[in-house]
2 protein chains.
Amino acid sequence: MKLEEDDMTVEKLESLGDQIIEQIKNGENPHFEKPVRSRSNVEFDETEGVLTLGDSTSKRYFMNIGQARSFMQTILIAQKCKELIQEGRTASVRELYYQLKHTIPGLDENTLEDQEESDPVIVDLETALDSLREQLHLIAEPKGRLFGPITIEDQGDEVNCLELGKSGLGVPSIVDDYEFLEHDADYVLVVETAGMVNRLVEEGYHKEHNAIILSSGGQPSRGVRRLTNLLHNELDLPVYIFTDGDPWGYYIYSVLKAGSMNLAFESTRLSTPDANLIGMTIEDIDEYDLQGVTEKLKGKAPDQKGGPTGDYKRAKDMMEYEWFQHKEWQKQLQDMIDRGVRIEQQALASKKFEFVAETYLPEKIERSNFLP
Amino acid sequence: MKLEEDDMTVEKLESLGDQIIEQIKNGENPHFEKPVRSRSNVEFDETEGVLTLGDSTSKRYFMNIGQARSFMQTILIAQKCKELIQEGRTASVRELYYQLKHTIPGLDENTLEDQEESDPVIVDLETALDSLREQLHLIAEPKGRLFGPITIEDQGDEVNCLELGKSGLGVPSIVDDYEFLEHDADYVLVVETAGMVNRLVEEGYHKEHNAIILSSGGQPSRGVRRLTNLLHNELDLPVYIFTDGDPWGYYIYSVLKAGSMNLAFESTRLSTPDANLIGMTIEDIDEYDLQGVTEKLKGKAPDQKGGPTGDYKRAKDMMEYEWFQHKEWQKQLQDMIDRGVRIEQQALASKKFEFVAETYLPEKIERSNFLP
């Protein structure tokens, strides 16, 4: 985290504490307020283009048999997060759990029984303070790699990401403290599969096309989502998402672009509404002569008995998403359902290995042939 | 791959081809020989300390209704791998599948129907040629990160792994072409969880203790296994494995040390028989006062009705492994079963976050307190 952001988060934590002390002094039942996280309170923000939480809030009280325990846990976690920030440390949610687990003196009761108790309380705190867990110095499982013409300062080290061979930089859980020192990039390309990243790096695509390649390795980690957002917002770089042409790939796109229902409160920082899908599209099948290497959708089509299920159902559901209401997306998803096929990005290897780097991606970008 | 190794693999591929041409010229039924991979042919090699395949072999014939298709596929894959090596390319097994999938001219038959057909044929080729898939230029899913005082040449780039902040180097699938240019390391520490790696890097453990830290992120990838082997064999560095003290953690250790049943033919290159377990051990629970943060083993204990199941069964099974016949390991696993508990590496955070870096690991190493 950058220092000013750390200061802001500590201020929020302290003001939560002050507020509770004030309530105690005034003889009130100590409590704090947090947004309701159920789906009924998830909205699509048209202006921002992301999923957000609505205005419904709920209160958690100390003097309430059903809430006293989680109230205590929230305060414990808030206090430990403040400590982490002030010490300049980060911790996994597992470490946090172990640090806070102890038997309360004088009681035969543990502060926490298992991590299933602490994890939701962390989310409560995130929403109550409007701070991501990364801002509270809590880390998630890291995943993903970065390659390309950008020099990043990370913990005082200056890393030129064009000089990391085929290994690349491991994208950590927390990237807010990255300083982008200089870059020569024209765009960011987020790629679903590690196999495709290997292909592009091996073909020197990142060097030849001044592309920052981010490997998402399936559903992107929080680190990759935040880094995509930062690269776009701080460096004003276009973001192209390159996934398989199937409901799972499009869902990855959807999460990167607009956020997810469950974590709607994080969308503004973790999503990139301006991102576009570069492929694979259903039109690609005919455009690039890939009819022989499509795969069948799994499940039952809408017109089959008991349908739609499986991939068909996911595609149908996605047609309802507010950010997929563009006619291009409706056509895309309908075409997929009608043809009953999916097309993977690695299927481009059926032409020749270098086809994706020499023809497919450059053509798409030159023609600005993207999905919104 | 290094060039001399590439040459050797191409030679093996060509000699397979030559042999088949010779058979055809002689009017023989074209065939090749490969080791039997079933468990009956898996042996523990006492001298090397790894699982290997025994001497049983089987033959695959072209003129055999049950084998003709996979014979054809083997030749196709062999030919494509030779092409990959000669072009200096690598490919994912998914790309390979797509490259080779086509309708055979004049027949209404595809070379490959799905990847489930090509994957086992790749393993056949690996065993027949005694070449790892990495030597055939086929990549697996990459996972893992590296931090520490070593400079690696990767594709012409010189990467100082001490200057990669908290991000680290992404360990690729193929590491055989890494050149270790210089290093100042005293040992290699392979760590099970990403959370623990974050802790150690944040505490500057790799810098202060001249340690190369490899993050395995659960069951280690092939890249991490091979890299551990190479760092040990080429640089003569001791290897310490740091896992949770539970059957899963010990299985990770077992695979890193001696290989796995399913991939016994790869043990010599992917395993490190000299590796030791640094922790967590069951004795650590008392030694470091961790009684309050153990977790219960899952499943039924051996003395319960229907037991052992779950964790207990895994621990019992492991007691039978030939490389766990040391009395320390027998005691370790028996203690775990008797106490019915497991202890995670992140449980050390219950002391304080920095405890693992300042006390636990340095003490263990100073006292050479390892499991064999």
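Against the conditions (1) more than 14 Å from chain B (Cβ to nearest Cβ); (2) without any contact (Cβ under 8 Å) to a residue 12 or more places away in the chain; (3) of a type outside the set (Val, Ile, Thr), A:Lys352 satisfies every one except (1). The set of residues from segment A:176-196 being crowded, with 24+ Cβ neighbours inside 10 Å and touching a Lys or Arg at 6+ places or on another chain (Cβ under 7 Å) comprises just one member, A:Gly195.
Could you tell me whether any residue of segment A:154-161 is modelled with pLDDT of 95 or more, assigned to a strand (DSSP E or B), out of contact with any His (no Cβ under 8 Å at 6 or more places or on another chain) and under 26 Å from A:Tyr251 (Cα atoms)? For segment A:154-161, residues modelled with pLDDT of 95 or more, assigned to a strand (DSSP E or B), out of contact with any His (no Cβ under 8 Å at 6 or more places or on another chain) and under 26 Å from A:Tyr251 (Cα atoms): absent. Filtering segment B:127-153 to residues that are among the hydroxyl-bearing types (Ser, Thr, Tyr) and either surrounded by 23 or more Cβ atoms within 10 Å (Cβ to Cβ) or part of a loop (DSSP other than H, G, I, E, B) (or both) leaves only B:Ser131.
Checked against the criterion of being part of a strand (DSSP E or B) and touching a helix residue (DSSP H, G or I) at 6+ places or on another chain (Cβ under 7 Å), segment A:267-278 contains one or more residues that satisfy it. Restricting attention to segment A:26-45, the residues that are under 21 Å from the mean Cα position of the chain (by Cα) and of a type in the set (Phe, Trp, Tyr) total 1.
For segment A:89-99, the criterion of a residue being in a loop (DSSP other than H, G, I, E, B) and either more than 20 Å from the chain's Cα centre (by Cα) or within 17 Å of A:Glu5 (Cα to Cα) (or both) is satisfied by at least one position.
When B:Gly165, B:Gly218 are screened for being farther than 27 Å from B:Glu5 by Cα, surrounded by fewer than 19 Cβ atoms within 10 Å (Cβ to Cβ) and assigned by TED's automatic domain parsing to the domain that holds B:Arg269, only B:Gly218 passes.
Taken over segment A:338-349, residues that are crowded, with 21+ Cβ neighbours inside 10 Å and assigned to a helix (DSSP H, G or I) amount to 5. Taking the conditions (1) under 19 Å from A:Gln332 (Cβ atoms); (2) of a type in the set (Lys, Arg); (3) at pLDDT below 95 in turn, A:Lys313 satisfies each one other than (3).
Checked against (1) of a type in the set (Gly, Ala, Ser); (2) part of a helix (DSSP H, G or I); (3) over 28 Å from B:Ala211 (Cα atoms), B:Gly306 passes all but condition (2).
Within segment A:225-255, restricting attention to residues that are part of a helix (DSSP H, G or I) and β-branched (Val, Ile, Thr), the residue that is surrounded by the most Cβ atoms within 10 Å (Cβ to Cβ) is A:Thr228.
Looking across segment A:168-212, the residues that are part of a loop (DSSP other than H, G, I, E, B), under 21 Å from A:Glu344 (Cα atoms) and more than 8 Å from every other protein chain (Cβ to nearest Cβ) come down to A:Glu192, A:Glu203. Residue count for segment B:106-126, restricted to those that are more than 12 Å from chain A (Cβ to nearest Cβ) and surrounded by fewer than 18 Cβ atoms within 10 Å (Cβ to Cβ): 9. Just one of the listed residues (A:Lys331, A:Lys296, A:Lys305) is surrounded by fewer than 22 Cβ atoms within 10 Å (Cβ to Cβ), charged (D, E, K, R) and within 14 Å of chain B (Cβ to nearest Cβ), and it is A:Lys296. For B:Asp6, the criteria (1) in contact (Cβ under 8 Å) with a residue 60 or more places away in the chain; (2) at positive phi hold in every case but one, which is (2). Here B:Ser92, B:Ser70, B:Ser131, B:Ser56 are screened, and the one residue that is within 30 Å of B:Gly259 (Cα to Cα), within 14 Å of chain A (Cβ to nearest Cβ) and in contact with a helix residue (DSSP H, G or I) (Cβ under 7 Å, 6 or more places away or on another chain) is B:Ser92.
The values are calculated or read from the model by the stated rules, or taken from the named source; none is laboratory data. Nothing here was measured: the structure is a model prediction, and the numbers come from that model. Cβ: placed from backbone, ideal geometry, glycine included. Neighbour counts: every protein chain shown.
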